[in-house]
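Every number here is computed from the coordinates shown, using simple stated rules; none is lab data. In this text, all values refer to a predicted model and were calculated from it rather than measured experimentally. Neighbour counts are summed over all protein chains in view; Cβ atoms, including those assigned to glycine, are modelled from backbone coordinates with ideal geometry.
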């Protein structure tokens, strides 16, 4: 169905197979990570509005923005933190 990678409390990767999109799998992965790590953070590419909408729907809010990605390329990154409890 998909996978998620965590580094401490930071969501480093979250991918779902296309046939499993919009079926609640991503939300379940975030809920599981929350139970394991508590407060979560994630960096989302600003040019990926679907990712931003997903994380905001999971209770994340934008706390900051970087003009460059981690490789120094001009791809703005949104720094997000999960701020509100997820419903079960």
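Would you confirm whether or not segment 59-71 contains a residue that is in contact (Cβ under 8 Å) with a residue 12 or more places away in the chain, touching a strand residue (DSSP E or B) at 6+ places or on another chain (Cβ under 8 Å), under 22 Å from residue 1 (Cα atoms) and surrounded by 14 or more Cβ atoms within 10 Å (Cβ to Cβ)?
no
Quick check on this structure: which one of 81, 27 is surrounded by 14 or more Cβ atoms within 10 Å (Cβ to Cβ), farther than 24 Å from residue 1 by Cα and within 12 Å of the chain's Cα centre (by Cα)?
When all the criteria are applied, what remains is 81.
Considering only segment 30-46, state which residues are in contact (Cβ under 8 Å) with a residue 12 or more places away in the chain and loosely packed, with under 12 Cβ neighbours inside 10 Å.
36, 38, 39
Output the number of residues of segment 4-56 satisfying the condition of being out of contact with any strand residue (DSSP E or B) (no Cβ under 7 Å at 6 or more places or on another chain) and either within 18 Å of residue 77 (Cα to Cα) or in a strand (DSSP E or B) (or both).
Total meeting the criteria: 8.
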